[in-house]
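Below is one structure; the comments refer to it alone.
The values are calculated or read from the model by the stated rules, or taken from the named source; none is laboratory data. The structure presented is a predicted model; accordingly, all values stated were derived computationally and were not measured. No Cβ is skipped: glycine too gets one built from the backbone with ideal geometry, and neighbour counts run over all protein chains shown. These area figures cover heavy atoms from the full protein model, side chains too; ligands, DNA and RNA do not enter into them. Shrake-Rupley method; radii C 1.70, N 1.55, O 1.52, S 1.80 Å.
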Amino acid sequence: MLPAETFMKQTLSLVPAAREITLTYPRKASSPVEIYVIERDAPHPNARTYVYLDPYTGEALRFEPYATSSVGNRIYRWLGSLHTGNVGGLPVQLLLFAGILGVPVLAYTGIRSYLRRKFIAREDVRGLQARVKTISSETSEIKVFELHSANRVPLPAFTPGAHIDVWIDEDLVRQYSLCNGSDEKNRYVIAVKREPDSRGGSRAMHERIAEGDLLSISTPRNHFPLDLSATHHLLLAGGIGITPLLSMARELQKLNASFALQYFARSVGYTAFHGFLSRPEFRGKVSFHYALEVDALRLYLHKLLWHRSPGAHLYVCGPRPFMDLVEEIATASWPPQTIHAEYFNANPMAYAGARAPFEVTLALSGGTYSVSADKTIVQALEGRGIEIPTSCEQGVCGTCVTGLLDGEADHRDAFLTDAERRAGDKIMPCVSRAKSKLLVLDL
Ligand code: FES
């Protein structure tokens, strides 16, 4: 092959204004010498003119000036210069630098998001992340879970009587009352009784949840609030129904308000928070009743409730038969607005009362469907292939909350607050029905 000087001279004869010449000898004897040239007036450092020479004779085999190359080639070369930061000056170099930084940032956020999805409990619009700080046994069947914020986001404040939803699993959500003081800003405390006929919730809480675990929880909601305008508060707790009333008792004690807590349980051994409620500050305000037979309980409640002091309010929480009995007896002398009840697993309003058929129109997806007397809105729509997410199907958890655009709802849930019902723009379609002939849903 000829010496490089010969190829340089030949190249300069073709491109006299060359500023930079790069020459590559062929690897194969049959290939040409490949030369690219950057001219003095080149628009950017990657605007290459190509020259291909015969390695033995120096004859020009191909000559491709940059100026006459295809538009595609010129764009490609320009992008090359852009990529290497040779055009656009400092702003483009800064942009490229930011782009380079983007690689580790995207890698970090991608890996983080993967880990969150895989190992961190589900976040949703209502969700908070809580870490189980401690678990202790109050009785042989009641465990107390102390939950702290898992991500330094402060826990929202709550009022006595509030509850939270706890996602034990992706599809397993349960409601638990907060039983600590509402002035404790850093933690939520819930107590869970292991139910012998558990549908999975209490068993999972007892067997699968351990200290250090992460749980998705909702922000606290309260449809069992204290009415602080009352002159006296009578709190009746049956078994695990103590939980919301415990928070109320703490609050009333702190406010120095007039109250009495009557706590009905099987025995001392089955009485959660017995030690706490036996403290001197509760003396004369808290009474324990053990192993009362139904007749004895009825008699006692008659004596307790027949007279209502003016301005007094009654709060009850416990097993369904206990609550039914209290309400049955109390209605004789307590006006309805003074009786407050907290239902969780059994919401008596859900399936009580008249059930007339009605229609629902879906504003977004279109279509009007009939809801027969023996079906809920959820069931009626499910039969037409339209699914509304549900969990408790008793109107207590809030999973199925749906926007109501028109029509009057017959609210049968225990989830919406009175103010939300008055606003009339939400409905719980797992239990609630219609007072009007038609409901228009935001679906
Ligand atoms: Fe729980 Fe409707 S599914 S309130």
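Scanning segment 328-343 for residues that are open to solvent by 50 Å² or more (accessible area, probe 1.4 Å) and free of Cβ contacts under 8 Å to residues at least 24 places away in the same chain turns up GLU328, THR331, PRO336, GLN337. If only residues of segment 283-297 that are modelled with pLDDT of 95 or more and either among the acidic types (Asp, Glu) or within 16 Å of THR243 (Cα to Cα) (or both) are counted, the one that is surrounded by the fewest Cβ atoms within 10 Å (Cβ to Cβ) is SER287. Of the residues HIS148, HIS223, the single one that is touching a Leu at 6+ places or on another chain (Cβ under 8 Å) and in a loop (DSSP other than H, G, I, E, B) is HIS223. Among residues of segment 370-391 that are open to solvent by 40 Å² or more (accessible area, probe 1.4 Å), those with a Cβ under 7 angstrom from a residue that is within 12 Å of the ligand (Cβ to nearest atom), sequence gap 6+ or separate chain, pair up as PRO389/THR399; PRO389/CYS400; THR390/VAL378; THR390/THR399; THR390/CYS400; THR390/CYS430. With respect to ARG203, is the statement that it is more than 15 Å from ILE164 (Cα to Cα), without any contact (Cβ under 8 Å) to a residue 24 or more places away in the chain and not in a loop (DSSP other than H, G, I, E, B) true? Considered against the rule, which asks whether it is more than 15 Å from ILE164 (Cα to Cα), without any contact (Cβ under 8 Å) to a residue 24 or more places away in the chain and not in a loop (DSSP other than H, G, I, E, B), ARG203 comes out as yes. Scanning segment 376-390 for residues that are over 21 Å from VAL173 (Cβ atoms), among the polar types (S, T, N, Q) and at pLDDT 90 or above turns up nothing.
Only residues that are in contact with a Pro (Cβ under 8 Å, 6 or more places away or on another chain), more than 6 Å from the ligand (Cβ to nearest atom) and among the polar types (S, T, N, Q) were counted across segment 371-416, and they come to 3. As for segment 62-84, it holds at least one residue that is in contact with a Phe, Trp or Tyr (Cβ under 6 Å, 6 or more places away or on another chain) and either without any contact (Cβ under 8 Å) to a residue 60 or more places away in the chain or not hydroxyl-bearing (Ser, Thr, Tyr) (or both). Screening the candidates GLY424, GLY353, GLY367 for the property of being at pLDDT 90 or above, more than 26 Å from the chain's Cα centre (by Cα) and away from the ligand (no atom under 14 Å from the Cβ) yields one hit, GLY367.
Is it fair to say LEU441 is within 15 Å of the ligand (Cβ to nearest atom) and either under 28 Å from PHE224 (Cα atoms) or open to solvent by less than 40 Å² (accessible area, probe 1.4 Å) (or both)?
yes
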